[in-house]
Amino acid sequence: MIKNRYPKEVETALDVWVKLARSYSAIYKYATDNIRSLGITLPQLAVIEAIGHLGPLTVGAICDKILVTGGNMTLVLDNLEKLNLVKRVPSKNDRRAINVELTPKGQKVFDRSFKEHAFFIKDLMSTLSTKEQNELASLLKKLGLSISSRTDLR
């Protein structure tokens with residue numbers, strides 16, 4: 001391997017990016033496998049989790065919370081409805097809006113699945129101390145917000 005091909009700060013940035021990508025890939029694989037073992041998909045858990053914590057939400061609000069597009073969300077909601085985990089209810093305040101609510105079965109899935117998944121993630125992260133996890137979370141937030149606010153990358 002050729003060393004010092006780029007300035008040190010470029011090599012460091014590339015090294016961090018590779019480690020971040022590999023870590024994310026490993027965590028994503030195990031988290032996704034865990035979610036599948038609960039009988040649902042990652043997007044389905046994300047919807048159930050958002051509504052379980054925040055209460056009924058519009059489709060648009062769910063899309064914003066879990067960072068997916070409306071087209072994908074329609075399929076996720078259709079599948080959750082087929083499983084009788086959510087129901088769509090016309091908004092009483094805005095005839096154009098549809099609220100999505102957990103059904104009683106959906107609430108049970110939320111109560112069980114989110115707790116199981118939360119403890120699974122805790123175990124995955126246990127390599128890092130709580131202090132290290134807080135530091136990493138802070139650094140990742142700082143990085144994400146900085147990149148999101150840059151106009152020269154668009």
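Brief remarks follow.
- From Lys65, Lys142, residue being basic (Lys, Arg), under 30 Å from Ser23 (Cβ atoms) and in contact with a helix residue (DSSP H, G or I) (Cβ under 8 Å, 6 or more places away or on another chain): Lys65
- Put simply, of Leu75, Leu80 the only residue that is assigned to a helix (DSSP H, G or I), open to solvent by 70 Å² or more (accessible area, probe 1.4 Å) and over 30 Å from Thr127 (Cβ atoms) is Leu75.
- When Leu57 is tested against (1) out of contact with any strand residue (DSSP E or B) (no Cβ under 8 Å at 6 or more places or on another chain); (2) under 29 Å from Ala97 (Cα atoms), just one condition goes unmet, and that condition is (1).
- Top-ranked residue of the range 126-136 - restricted to ones that are part of a helix (DSSP H, G or I) and surrounded by 12 or more Cβ atoms within 10 Å (Cβ to Cβ), ranked as farthest from the chain's Cα centre (by Cα): Glu135
- Qualifying position, being at pLDDT below 90, open to solvent by less than 60 Å² (accessible area, probe 1.4 Å) and in contact with a Cys (Cβ under 8 Å, 6 or more places away or on another chain), among Gly70, Gly60: Gly70
- In the range 95-125, residue farthest from the chain's Cα centre (by Cα) [restricted to those that are open to solvent by 40 Å² or more (accessible area, probe 1.4 Å), over 16 Å from Thr41 (Cα atoms) and of a type in the set (A, V, I, L, M)]: Ile98
- Check on Asp111, among the charged types (D, E, K, R), over 19 Å from Tyr24 (Cα atoms) and outside any helix (DSSP H, G or I): no
- Total residues in the range 39-54 satisfying the condition of being outside any helix (DSSP H, G or I), open to solvent by 20 Å² or more (accessible area, probe 1.4 Å) and either within 16 Å of Ala118 (Cβ to Cβ) or not β-branched (Val, Ile, Thr) (or both): the figure is 1.
- Condition met for Ile40 (in contact with a strand residue (DSSP E or B) (Cβ under 8 Å, 6 or more places away or on another chain) and under 30 Å from Thr103 (Cα atoms)): no
- Residue that is surrounded by the most Cβ atoms within 10 Å (Cβ to Cβ) [pool: residues in the range 83-94 that are in contact with a strand residue (DSSP E or B) (Cβ under 9 Å, 6 or more places away or on another chain) and free of Cβ contacts under 8 Å to residues at least 40 places away in the same chain]: Val86
The values are calculated or read from the model by the stated rules, or taken from the named source; none is laboratory data. The structure presented is a predicted model; accordingly, all values stated were derived computationally and were not measured. Don't worry about glycine lacking a Cβ; one is built from the backbone with ideal geometry, like all the others, and counts go over all protein chains shown. All accessible areas refer to the heavy atoms of the entire protein, side chains included, with ligands and DNA or RNA removed. Shrake-Rupley method; radii C 1.70, N 1.55, O 1.52, S 1.80 Å.
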